[in-house]
Every structure is written in structure tokens, then in C-alpha cells.
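The values are calculated or read from the model by the stated rules, or taken from the named source; none is laboratory data. Since the structure is predicted, the reported quantities are computational estimates derived from the model, not experimental observations. No Cβ is skipped: glycine too gets one built from the backbone with ideal geometry, and neighbour counts run over all protein chains shown.
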Amino acid sequence: MNLKLGTAAALAAAAIFTVQAPAAADWKPDRPVEFVAAAGPGGGTDLFARVVQSALSKDKLLDVPVIVTNKTGGSGAETFIHAKTSGGDAYKLFFGTQDAYALPLANKLSYSLKDLEPVAAMTFDPFILWVNPKASGIQDVKGFIEKAKAAPGSIKVGGAKAKEADETLMTLIEKAAGIDLSYIPYKSGSEAAVQVAGGHIQANVNNPSESVEQWRAGVQKPLCVFEENRLADTTVIAEGMSWNAIPTCVEAGLDIKSFAQPRTIWAAKGIPPEALAYYTDLFKKVAQTEEFKGYMARGAQIPRTLTGDALKAFIEQHRATYAGYYKTNGWLKGAVD
Amino acid sequence: MSNISLLLDGFSVALSTHHVLIMVGGVLLGLVVGVLPGLGAPNGVSLLLPLTFSMDPVSAIILLTSMYWGALFGGSTTSILFNIPGEPSSVATTFDGYPMARQGEAVRALTLAFSSAGIGALTGVIVITLLSGWVANFALRFGAAEYFAVYFMAFASFIGMSSGSPFKTLVSMMLGFACATIGADTISGESRLTFDFEQLIGGVSFLVAVIGLFGLGELIMTMEEDLTFHGVKARLSLREIGRAVLELPRYWATVLRSALIGCWMGITPGGPTAASFMSYAIGARFAKDKARFGKGAPEGIVAPETADHSAGSCALLPMLALGIPGSATAAVMMGGLMIWGLAPGPMLFTTRPDFVWGLIASMYLGNIIAVILVLATVPLFAYILRAPFRIVGPMITVVCIIGAYTVASHTFDIWLALIFGVAGYVFKKLDYPLAPFVLAMVLGDKAEDAFRQAMLTSGGSASIFWSNGLVGTMMALGVLLLGLPLISRMLRETGIGLRRKALPQQREIGST
Amino acid sequence: MEISRRTSEIATSAATALIGLIVCYGALENGIAWEEAGPSSGFFPFCVGCLILLGSAATGAQATLRPTEGQPPFLDGERARAAILFFLPIVAFAALAVFLGLYIAMAIYIVYAMYGPGKLKLATSIAAGLGVAVVNFVIFEKLFMVPLLKGPVLNAVGIY
């Protein structure tokens, strides 16, 4: 029975190859596409993948179904290891942040940036420094620095996971202001935000969307945004303030220019160039949909989409920046090149 | 009371034909998903999520939550019939549900489970209705130390109860802790106990362990013991279902106690899994006939099921109010909320009362529909048990293997499940208790994270665990739960002067 | 072949003790100190490993010292045969699944289990095997869109 099956398989395979070859120039997916998110359900990257999925289905940009799966092991490294082992697969896309290239810097992992083919950076999530105004008595960056100087280590800053973006940013704050803070890692950014809201710790660094509801409820207050320019949105959110009213950290006296987190999409290395071109084009369209614009607006994100060479150049530069951070913090474990 | 009028508004939203149909559909789908361990509630919600993109948020959340209720009931079904818990929170149901089913009383076991679960869920929803404003603020009072105290209480209530060898209990629980440790450490970011195996960086999944220990382990056990491969002769009359439902009032004390435990664990971050274990343990302690626990005691089914479902319902409230999901399924739902343009948080109750109260109203209806539908399926499920085991056994094996694979799409997990299967078989034969293992695996890393976060917050001072009334009371209760059986046992045994084995159990606590 | 209760108790406690040692060793790699702001990441695992060792030692000692008369054996020949005859095909199933994908592996396994130990007719068994694979395929791939491992053979005939 097996033998027969084998022959049949070979015949069928031959048939498929001969039929498909001429059509390759105009590539289009003809079976479900899998989006692998490098974060658990409800996490930032998971939400990103599902918003793209919903934009694709609402605006009928893709005829085949999209399946979102989560591979969260090793802070998402599992997703990119999976990318390495599914080399050339045109039906799997991998969703992440800078973690795709930052993880192999801080950990010994079997994949490297060379195993991934960047497809797009869809949008950038800014970072904001938040405090609990009532429990901590801090109202602005000046007060934050004064308080930290008065009692070194007394301000507890919460963030998602250890030795990743949030803790990196905290070490940057420490260096820029010459202060000493204590970092407390939680499972997710929202968890850290709730701990600040409950007054258990004093401050956290976060993407806007993870704390906006606490801000509305008056239990968190934004001190400054880690960007070169203020955020664009001028809709009033709480206390008569809009995203635009939050000063940049440089304005507020904390010399950290930009720390945005790209929302990135990757393919496995060896994906056919025509498939890559198709997806690049597809995600450019997604960035223009109402669905995706609504997502960016809710998260006060910086709408900047990068593809092709611009994306590659950005990754190169961003990776070098992170390698620099990790080196000064003594976290560098993986190979830099 | 304003909450009642808000609830009535909610009912006017939820009671449309359209929404009732959505509930029925959701519950049915949930049952299917819950019965197949390879699918499970998180997969079901993921599947439905794309469908909800074009729905209005109220209908969408009703669909997702109804499916969730269905899946919870479905998960109990496989726990009772095949010893395979579909959801972590239905593990405790296997302890007495499966033995009862094996004794030919599958119908009674299923009916008891479903009706007590229904009562638990309704209690939970009533608590939500009455306390919705208060719960959100209360949940904010939980810092790392309070989290730890909740877990400590769960462990403490469980440790005193185990009957067998205390050393075997110790080994089993510590192995559970060790499994929970594997993978990336939240606090330091380092990987632990992975020995540079990349398959292990994601940790050992709880479901894989449970599929092996309970599902495969039990299959091997059955094959070995039951050489004649007889099917279980389950009695199958509708009267049987009615009789089991009428039996329930007899356990009113267990139901009440378990519902309270469930609501408490649902509102606090303990969650349904801890609630069901704690309720089972305390139920065993209060039972008149302790020896029957673990051998098919009806209270052993009623206690975890009631607590599981009341906790599951109550846990939705902190999720909506704080945006912190209590389970994988809740996490997917929360993602849905954000895609529909709603942000979970303290303001959701004031900005979208139609959504919140429509959801709460639908929880009343959805759970009632779920109980009715699931009771209707009892004869069908019990019928499966009549087939000879040599036919059903391999089918369950296939389901187990698929289930292990779908947890994370790893072939490595299949091997792990087989290893856990052998371990489960040997442990069961040698009377190692499995419950402490499971409890430690579910709560171990959470308890450790909370402990270390609390220590970081306090700068290394243990006084944080009695720094305010809330955490102090919980820690004291935990110590009391831990101490009472030990003290009473010591009092009893000093007279006789026999085996004083309380000591190692105290040491377990020292390390949690 | 017969394994006594005592042998199996001692073997099991030796195995758990070995796990305890491994856990301790792994914890040492992370550092087991209790620092100023709480324990470092290896502290708890190290305690856990030690407690496993302690519990295993006590269990092993109990089994060695306890009188063995009157204990039912852990396994006798017939029972062991039944357990192994059930378990080995599952191992084969898992191995097949890794190389040929879950669907083909489950079909082969079910055909074997129905025809061999199940004592069904060959035709019925083959039908059952194919049926199980097809039903699962429809449920997982088509209805619920949960992709299972399909393996090279199904890929080659165009099923991904």
C-alpha cells in the first residue's frame, strides 16, 4: 500500500510542478497563510498580527484564510527559530518587534538575522514614562529625577520581561539623568501598568495603548514621550491633555531622543522573490486601510511603513544601536555579526 | 440599586432572538471544541475571532463568551469520561469524576458536574452583578505580595489533605515545581533547566504534562488491569439524569462553600484552576467520609466544578476592568476587544455600559442554555463508554497525541507526553499522588515570580508579606490552613506515638 | 518476567533522585545565592532539587527497610505484556508522526490497533484507520483551521 502511495505521490508532485512553473511570475497564495506571532494572546505583537488579519479580511485584500498562531517560548525566540526551520515557506509570515534581531544579541540562540527575510515594518510604537501621580507624588520629569536622587533605588520601575526593551529603556533613563532606579519585571506591560495604577510601584515605561485607560481613570500620568517630536494626535484624552500635550523627554530634561519600537513582519529566508514582492505590496495596502489606521490611532503610534532597502537599512542601524545598549549593560551574549 | 437597573438594560440588549441564537450556536461550538483536547477553548476563540470582525461588539463578545461556557462544560466531560482534562481548571474534576464513571455511573457523574457547574456559574454572575463597581477597585489592591499570599493559601489548603506517604507527596510536588521552572525566568530573563535544548526554552506545557500523566497514563493502566477489555456498562436512562439533579441539594454545604471559594479566587488573581483545587481540598477536609474522596465521591465532583465555574465567571470582571486576562482564552477575547475598538480598563464600565451589562446579562442566559444543552448530550457521551475499550482506547490515544501536538505545534511535545504517560502510570501504581504535581506545575512559577517581585519591591525585606491588612490576613489564613491539620494530627498521634511525618510537609512550604 | 513492588519502588526513587540531581546541577548554572533584593534565579530550583533528593532518599529507604512479604508484585508477566503491547505501538505512532506527519501515522496506528489487539476484520480496520484520519483532517484543517503536522508525503501530493 505504501509503495503505491509513493508512486502516486511522485506522479502527483510531478503534475503539480509542471502546472505551477509558468504561473510563478504572478504569484498569489492559493492556500491558508499562517501568521506566527512572537507573543502570547493579548500581547502587543499578537494584537498587531490579528489587526492585520482583520484588515485583510474586512477589506478583502486576500482571498485565502489567515490563521494566527502564537509561538511565545523564550520571549518569542521560538517564532524565529521556527522561521529558520521552515526555510523558503511562502505560506508562513512571522510577526514581531525589534525582538527578531535583538533576541539573538542577548541570548545564545540557533537562529540569526541571516535566517530571516524582512518584509515590512508597519508602524512604530512610541514609549512613554508613566507614574502614579497620587501614590508617588511625582508630577513631572523634574520631580521624578529629584525624587530618585534624594533616595537612590527607591523608585521602582515596572516593565515587561527582563533584559528587553523596557529594562533597556530604564537603564538609558538612569544614565541620562544620572540616577539609580530599581527595575521590576512583570509578565506583560499591562500587568506593570496595573501595578503602577494600584500604587504598588511608582513608575513604568510602556507603549501608549497599554496605559491609556489607566490615564483616563486618573491612576497613571504620562511624564514624557521618548521621541524626537511630540505625538501628533491632539484629541483630548484625560485631564484636558491630548497625546500631543505630552512633552518629549528632551523637552522635559531627560536626554533620550528616540526609542520607538517597530512592528515588524518577517518571512523565512529563501522565500521566492515573487512571493516576497506580493506580500510587500499587500502590507503596503494594509497600512492604508481604515482598520489599520484605527489601530495606529488608538495606540498613538507613529505611522511609518518601511519596506525593501529602506527597511534593511533601518534594521541594520537599529540592531547596531541595540548591540550598543546591550554591550554597555553587559547583557551581550550572542554574536554581533 | 443602580446595578439592577443596568442589568435590566443589559437583558434588553441580550434577549433579542439574534443574540439568543448566537448563544446557542456559541455554546454548541464550545462543547465540540471542549470535548476535543486538541482544540480547546483558546483555539475555538481564535477561530471565531475573524468572524467577529464584522459584528457589533456586543454580539461578538456574546458569541465568544458563550463558546467559552460551552468549552468549559466540554472540558469536564472528557475529564470524567476519559480522565483527560480539556482545560487546566478541570483537572480536579478527574479525581472523583473518572472513578465514578468507571464504576458505571457516568451519567450520574456528568449530571452532577454539569448542574453544580451551572450553579457555580450563576453564583459568579450574581456576584459580578452586585459587586461590579467594587471589584475593579478591589483588584487594584493586589500587588506582588498579595498575589503571593493568594497562591500561598491555595498551596496551604492542599498540603494538609494528602493521605499517602508524605515523602511521595513531597517528591511529586517538587517535580511539579521543577517542571514549572523550565524555560525563561521572568525576573532575570535567563533560561533555567533547559540545558541548552532549544525545545525546552518555551518551558514544558501544562496541557502536555496533563495529557501524558492523566490521559496516556490511565490508558496504560486500564490496558494492563483490564485484560478482558470490557466496556463500562453505563446505565442510560433519562430518569438517571433527573435523579442525579435531585441529588444535588444534599450537597448544599459543599456547593455554597465551593461557590464562595470560586468567587474569591476569581476576583483575586488566583483564577479558576487554583479555585477548583482549593475547593476540592477543602471539600475533602470537611467531608464526613474522607476515605471516599478520590474513589468517586459525589462531593469530589461537585466541589471543584462549582468553584471552577464561579471563578471562571468572576474572573471576567478583573479582565474587563484591568485588562489582565486570567486565562489563555480570556487573553484571546481581550485581544478581540481591542480589535473591535474597545479598550479594557476602569473606564469601560462608564463609557460602554451597554457592552458590559449586555455581556453580564448574556452570562446568565448563556450559562442556563449551556447547562440545558450539555445535559441533553449526557446520554450520547455515556454511550461512548459502552463501546469495548480495545476499540475506544486507540481512539483516545490518537486524541491525546493530537492534543499534545496542537498545544504548540511541536513534535517534541508528543515525546514529552509519552514520557509523562509512563511517569503517570508508574506513579499511579506506586501511589504517588498526582494532584500536588499538577498544582505545583500550575501555580509554582507564578508563586515564585510573585515572591521575587515582592522582594524586589520591598528591597529584600520579608515584612512586605504583612505590610497591610489584606496581605497579612491572607498570609495568616494560609498559615492557619496549613497548620490546622498538622496540629490536629500531632495531637492525635502524640498519644499513640506513631509515625510523626508532619515535618517534611512543613519544609515544602519553606521552599514555595 | 515479574517485577516486585520493592524493586520498582527503589528504581523509581532512584530515577526521581537522578532528576533531583539534574535540577540541582541546572540551578547551579543560574546562581543559587540569596542576594540583597531577594533570591537569584537558581535559588528556588536548587531548593526544589534538594527536596526531590530528600524525598527520594526517604522513599527509597522506606522501600528497602519495609518487609516485602505479602506485597502484590508491581507487574507480572501477563500484565507487563499487555502494557507493553499497548505502549510500544504508541511509540511507533509518535515516531511515524515525526517523519510521515500525524494523519498518515494515525491511519497506520488505527489500522494496526483495530486489526491486531482489536481483533476486527482487516477491511473494517482499514476503513476505521482511513476514517479516523479523514475525520480528523476535516475537523482540524477545514473546520477549525488548526494546522497539524502533515509530513512530506501529504505535501508531495499537494496537501499542505
Open item on the list: Just to be sure I understand the filter: pairs with C-beta atoms under 6 Å, separated by 6 or more residues or on different chains, first member in the stretch C:148-160 and within 8 Å of chain A (Cβ to nearest Cβ), second member outside any helix (DSSP H, G or I). Which pairs pass?
Closed with: C:Tyr160/A:Arg31
- [ ] Select the strands (runs of 3 or more DSSP E) contained entirely in the stretch A:85-201, then report the ones holding at least 2 residues which are at pLDDT 95 or above, away from chain B (no Cβ under 14 Å) and under 30 Å from A:Leu276 (Cβ atoms).
- [x] A:92-96, A:116-125
Task: Of all residues in the stretch C:20-39 being of a type in the set (Val, Ile, Thr) and more than 7 Å from chain B (Cβ to nearest Cβ), the one that is nearest to B:Phe167 (Cα to Cα) - done: C:Ile22
Task: The listed residue being at the interface with chain A (Cβ under 9 Å from one of its Cβ atoms) and of a type in the set (Gly, Ala, Ser), out of B:Ser165, B:Ser188, B:Ser205, B:Ser172 - done: B:Ser188
Open item on the list: Please verify whether A:Gly299 is closer than 19 Å to A:Asp125 by Cα, of a type in the set (Gly, Ala, Ser) and free of Cβ contacts under 8 Å to residues at least 40 places away in the same chain, treating the condition exactly as stated.
Closed with: no
Open item on the list: Checking the structure you have, find out if any residue of the stretch B:464-477 is more than 23 Å from B:Pro269 (Cβ to Cβ) and away from every other protein chain (no Cβ under 14 Å).
Closed with: no
TODO: Give C:Ile90, C:Ile19 a once-over and let me know the one that is outside the structural domain of C:Leu130 (by TED's automatic domain parsing), in a helix (DSSP H, G or I) and modelled with pLDDT of 90 or more.
DONE: C:Ile19
Task: Among the candidates B:Ile182, B:Ile128, B:Ile119, residue that is in contact with a Leu (Cβ under 7 Å, 6 or more places away or on another chain), more than 13 Å from chain A (Cβ to nearest Cβ) and either without any contact (Cβ under 8 Å) to a residue 24 or more places away in the chain or farther than 30 Å from A:Ala106 by Cα (or both) - done: B:Ile128
- [ ] Please specify each residue of the stretch C:95-149 satisfying the condition of being surrounded by fewer than 19 Cβ atoms within 10 Å (Cβ to Cβ) and either among the polar types (S, T, N, Q) or not in a helix (DSSP H, G or I) (or both).
- [x] C:Gly116, C:Pro117, C:Lys119, C:Leu120, C:Lys121, C:Thr124, C:Met145, C:Pro147
TODO: For the stretch A:270-285, enumerate the residues that are in contact with a strand residue (DSSP E or B) (Cβ under 7 Å, 6 or more places away or on another chain) and among the aliphatic types (A, V, I, L, M).
DONE: A:Ile271, A:Leu276
Task: When residues of the stretch B:251-289 are limited to those that are of a type in the set (Lys, Arg) and in contact (Cβ under 8 Å) with a residue 24 or more places away in the chain, the one surrounded by the most Cβ atoms within 10 Å (Cβ to Cβ) - done: B:Arg257
- [ ] Scan the stretch C:28-48 for residues that are within 17 Å of B:Ala447 (Cβ to Cβ) and either of a type in the set (Val, Ile, Thr) or part of a helix (DSSP H, G or I) (or both) and jot them down.
- [x] C:Phe43, C:Phe44, C:Pro45, C:Phe46, C:Cys47, C:Val48
Open item on the list: Quick check on B:Val438: is it under 28 Å from B:Thr169 (Cβ atoms), assigned to a helix (DSSP H, G or I), more than 10 Å from every other protein chain (Cβ to nearest Cβ) and in contact with a Pro (Cβ under 9 Å, 6 or more places away or on another chain)?
Closed with: yes
- [ ] Answer with yes or no whether A:Ala197 is buried (at least 24 other Cβ atoms within 10 Å of the Cβ) and not assigned by TED's automatic domain parsing to the domain that holds A:Arg319.
- [x] yes
Open item on the list: Any residue at all in the stretch B:68-83 that's away from chain A (no Cβ under 12 Å), outside any helix (DSSP H, G or I) and either buried (at least 24 other Cβ atoms within 10 Å of the Cβ) or touching a Cys at 6+ places or on another chain (Cβ under 9 Å) (or both)?
Closed with: yes
